[in-house]
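Asker: Sending over a structure as structure tokens; questions will come in a sec.
Derivation of every value follows stated rules applied to the coordinates shown; laboratory data play no part. Predicted model only: the values in this text are computed from it and were never measured. Using ideal geometry, Cβ is built from the backbone for each residue, glycine included, and neighbour counts are taken over all protein chains shown.
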Amino acid sequence: MESGIATSIGQIQLDKPVMLASGILGISLDVFNRLHASGAGAVVTKSLSTEPWEGYPNPTIFSVKGGGWINAVGLSNPGAPNFAKMIESNHDVPIVVSLVGSIPEDFEMMIEQFQNCKVLAYELNLSCPHVAKVGLEVGDDPELVRKIVITAKKSTDVPVIAKVGLGTSNYLNTVGTAVDSGIDAITAINTVRAMAIDVEIQRPILSNKFGGLSGTPIKPIALRCVYEISSKYDIPIIGCGGISTWEDAVEFFLAGASAVQLGSAIGDNWVGVFDEINKGILQYMKRKGYYSIKEMVGLAKKS
């Protein structure tokens with residue numbers, strides 16, 4: 001029997017365990033096709049709102065030491081109705097549609113736009129750290145999380161994922177509320193609220209002052225969160241945060257994730273990074289004698 005890297009996240013079936021994270025290259029069907037052909041098990045769109053959002057003025061992104069980024073793009077997107085028209089012709093790419101809103105009705109309206117589209121799942125962005133009245137402000141409100149999850153689940157037959165992050169409240173409470181409300185899976189985590197200051201002009205670098213830190217610096221935090229979630233809740237998990245190598249991906253599997261997402265690691269090698277990580281995972285599995293990703297999930301929790 002030969003090992004393979006297909007995986008499942010609850011009802012979601014993936015041929016490969018490495019996905020494109022939301023916010024990176026997530027707005028063009030042509031790019032989606034190229035990413036899928038290059039080894040992405042699925043692609044997650046940029047977070048979509050009920051109407052087009054322009055986002056924040058420049059500067060919106062800053063490179064930090066250690067291979068990370070701070071961004072405050074402001075969730076710029078063409079809006080769910082317009083984007084749905086852009087992907088109506090999709091037949092082959094497993095697309096996870098990321099949605100952001102402030103009330104349950106926002107999510108109901110947006111999901112309705114994709115009734116004629118091939119959608120693998122919806123990812124509810126409950127954790128953007130730099131846009132007011134959505135994201136973390138939503139994720140920090142358990143009752144609102146409950147209403148949004150229930151509304152989203154009632155609006156579609158495809159799986160619904162909640163993307164959680166580190167806000168002002170205990171993120172595990174957000175996870176627990178989402179699980180109790182019927183969520184199908186959890187993505188952990190989103191970017192971490194951060195900032196940078198220019199010492200010459202003595203002002204914040206980003207136009208929004210604060211942004212979301214991504215990349216290598218947040219990997220240990222994300223890994224810890226996946227481990228904690230998998231230790232407390234029986235829910236499929238997608239690991240996200242600072243993943244750039246096959247070793248990183250395997251760490252997340254061992255912590256309890258069934259698949260991973262990457263974004264900042266794409267860089268100049270955005271076409272080849274998925275295939276590179278997939279091959280590394282498969283070689284590791286053969287070396288260790290594993291036949292499936294499932295065999296590795298949560299092994300680090302065993303005494």
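Asker: Using 7 Å Cα-to-Cβ label points, what is the Leu172/Lys65 separation (nm, one decimal)?
Answerer: Simple spin-label model gives 3.3 nm for this pair.
Asker: Suppose the chain between Arg34 and Ile103 were pulled fully straight at 0.36 nm per residue; how much longer would it get relative to their current alpha carbon spacing?
Answerer: The span from Arg34 to Ile103 would gain 21.4 nm if fully extended.
Asker: With respect to the cross-link table entries Lys163/Lys294; Lys65/Lys279; Lys46/Lys153; Lys65/Lys301; Lys163/Lys219, which display a Cα-Cα separation exceeding 26 Å?
Answerer: Lys65/Lys279; Lys65/Lys301
Asker: Another question about this same structure. Loop only by DSSP, 11 or fewer other Cβ within 10 Å of the Cβ. Give me the trypsin sites (Lys or Arg not before Pro) in segment 2-106 that pass, ordered by residue number.
Answerer: The qualifying sites are Lys65.
Asker: Which of Ser127, Ser244, Ser169 ends up with the largest GNM mean-square fluctuation for the chain, with Cα atoms connected below 10 Å?
Answerer: Ser169
Asker: May I ask for the longest run of the chain untouched by GluC sites (Glu not before Pro) that are loop-located per DSSP and have at most 15 neighbouring C-beta atoms (other than their own) within 10 Å?
Answerer: Within the chain, the longest run free of exposed GluC sites (Glu not before Pro) spans 89-199.
Asker: Could I ask something else about it? Which FRET efficiency value, to the nearest 0.05, do you get for Asn82 and Asp275 by plugging their Cβ-Cβ distance into 1/(1 + (r/R0)^6) with R0 = 22 Å?
Answerer: FRET efficiency, Asn82 to Asp275: 0.10.
Asker: Here is a further query. What percent antiparallel are the DSSP beta bridges of segment 1-125, to the nearest 5?
Answerer: Beta bridges within segment 1-125, antiparallel portion: roughly 45 percent.
Asker: Reachable aspartates and glutamates from Lys16, Cα under 20 Å, same-chain residues fewer than 8 places away excluded?
Answerer: Glu2, Asp30, Asp92, Glu123, Asp184, Glu247, Asp248, Glu251, Asp275, Glu276, Glu295
Asker: How big is the charge dipole of the chain about its Cα centre, in debye rounded to the nearest 20, if each Lys and Arg gets +1 on its Cβ and each Asp and Glu gets -1 on its Cβ?
Answerer: 700 debye
Asker: Related question: May I ask you to derive the FRET efficiency for Ser292 and Glu247 from their Cβ-Cβ distance with R0 = 25 Å, giving the value to the nearest 0.05?
Answerer: Using R0 = 25 Å, I get an efficiency of 0.85.
Asker: Right, something else. Less than 20 Å apart at the alpha-carbon level, and either on another chain or at least 8 residues along: which aspartates and glutamates does that give for Lys209?
Answerer: Excluding near neighbours in sequence, the set is Glu54, Glu137, Asp198, Glu200.
Asker: Give me the distance in nm between label points sitting 7 Å out from Cα along the Cα-to-Cβ direction at Asn90 and Glu54, one decimal.
Answerer: The modelled label-to-label distance comes out at 2.8 nm.
Asker: Using alpha-carbon pairs under 8 Å, 6+ residues apart, how would you state the relative contact order of the chain in percent?
Answerer: 21 percent
Asker: Right, another one. Taking a ≥ b ≥ c as the square roots of the Cα gyration tensor eigenvalues, with a/c under 1.5 meaning rounded and otherwise prolate when a/b beats b/c, else oblate, which class fits the chain?
Answerer: Rounded.
Asker: Give, as ranges by residue number, the residues of segment 106-129 whose backbone N falls under 16 Å from the point 7 Å along Cα→Cβ of Met195.
Answerer: Residues passing the 16 Å test: 129.
Asker: To continue, here is another question. Rounded to the nearest 5, what is the percent of antiparallel bridges among the DSSP beta bridges in the chain?
Answerer: Counting only bridges with both partners in the chain, antiparallel ones make up about 40 percent.
Asker: Sticking with this one: Name the residue, out of Ile238, Ile201, Ile24, whose mean-square fluctuation peaks in a Gaussian network model built on the chain with Cα pairs under 10 Å.
Answerer: Among Ile238, Ile201, Ile24, the largest GNM mean-square fluctuation belongs to Ile201.
Asker: Related question: Can you tell which of Gln202, Gln13, Gln115 shows the greatest fluctuation in a Gaussian network model of the chain with Cα springs below 10 Å?
Answerer: Fluctuation is largest for Gln202.
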